[in-house]
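What follows draws every value from the coordinates through simple rules; no lab data is involved. Quick caveat, the model's predicted, so the values are computed rather than measured. Every residue, glycine among them, receives a Cβ derived from its backbone with ideal geometry; neighbour counts consider all protein chains shown.
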Amino acid sequence: MLLGMTAALIAAYMLKDAGSLSLVPPGATEPDAVGREFWLHLSAYSAWVATVLLIPAYLFALSPDRVPDWRAFWTTSYLAYIIHLAISAFGFFGGDFAWMTNSSRVSAFWPGMVLALWWGLDVALSRRAGGWITVQRVGVHLMAFVLFFGGSAVMGELLTIRVIGAVLLGVALIAVIRWLSLRRAGAEAS
């Protein structure tokens, strides 16, 4: 994660004046990022880091021997997400809550906040399984997938993040198919 965030920081600094991200938010006619180009890029690239780390978390989440690898990637992706939220809230938006909640740059503010809290709870519970913990874990994985896939493959401004979102979808589908086939094989063996 540290390497990814360092790369995000360097890319944000180097590309802040390249015009790769629009200064005009979706659905608006006036730019809102003039003078905030560095924070705009750092916010975007830190979200990319969280998304990239989520890919192996989903790959390992449904495998029978998932525990160490899944937990490591799930936790680091969560930390990257929290860093992304902090960069967005205090860097790009300058702590302006009204701007944050009303900006078209933020497509799912409240669901994103719910995810941050719920995901944090799941990380704290990551060494446990069974019963309600498993049920909530499936729920938080689904919520994270929907928000990250939507934010990358659907709403992503650049081809790079759209491809990352498509890879996230592919890996999630492969993990579910693999889990279902292992489950079916286990049922047939008994």
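Here the spin labels are modelled as points 7 Å beyond Cα on the Cα-Cβ line, and at Asp96 and Ser20 they lie 2.6 nm apart.
If you take all other residues with their beta carbon under 13 Å from the beta carbon of Val24, and give Lys and Arg +1 and Asp and Glu -1, the sum is -2. Relative to the longest principal axis of the Cα atoms of the chain, helix 159-189 runs at roughly 10 degrees. With q set to 0.10, 0.20 Å⁻¹, the log10 of I(q)/I(0) for the chain, from the Debye formula over equal scatterers at the Cα positions, is -0.43, -1.47. Axis of helix 67-86 versus longest Cα principal axis of the chain: the two differ by about 20°, to the nearest ten degrees. Its alpha carbons give the stretch 1-94 an Rg and a Dmax of 15.4, 51 Å. Taken as Cα centroids, the stretch 10-65 and the stretch 121-186 sit 19 Å apart, rounded to the nearest whole angstrom. When you restrict to C-alpha pairs under 8 Å that are six or more residues apart and normalise by the size of the stretch 2-189, the relative contact order lands at 22 percent. For the stretch 6-14, 3J(HN,Hα) computed residue by residue from phi via the Karplus equation (6.51, -1.76, 1.60; θ = phi - 60°) reads 5, 4, 4, 5, 5, 4, 4, 5, 6 Hz, glycine and proline entered as x.
Ordering 130-142, 156-168 by mean Cβ neighbour count within 10 Å, with the highest value first, yields 156-168, 130-142. Diffusion coefficient (Stokes-Einstein, Kirkwood radius over C-alpha pairs, 4 °C, 1.567 mPa s) for the stretch 94-190: 82 µm²/s, rounded to a whole number.
In degrees from 0 to 90, rounded to the nearest 10, what is the angle of the helix 37-61 Cα long axis to the longest principal axis of the chain? That works out to roughly 10 degrees. On the beta carbon distance between Ala7 and Arg127, with R0 = 41 Å, the FRET formula returns roughly 0.85.
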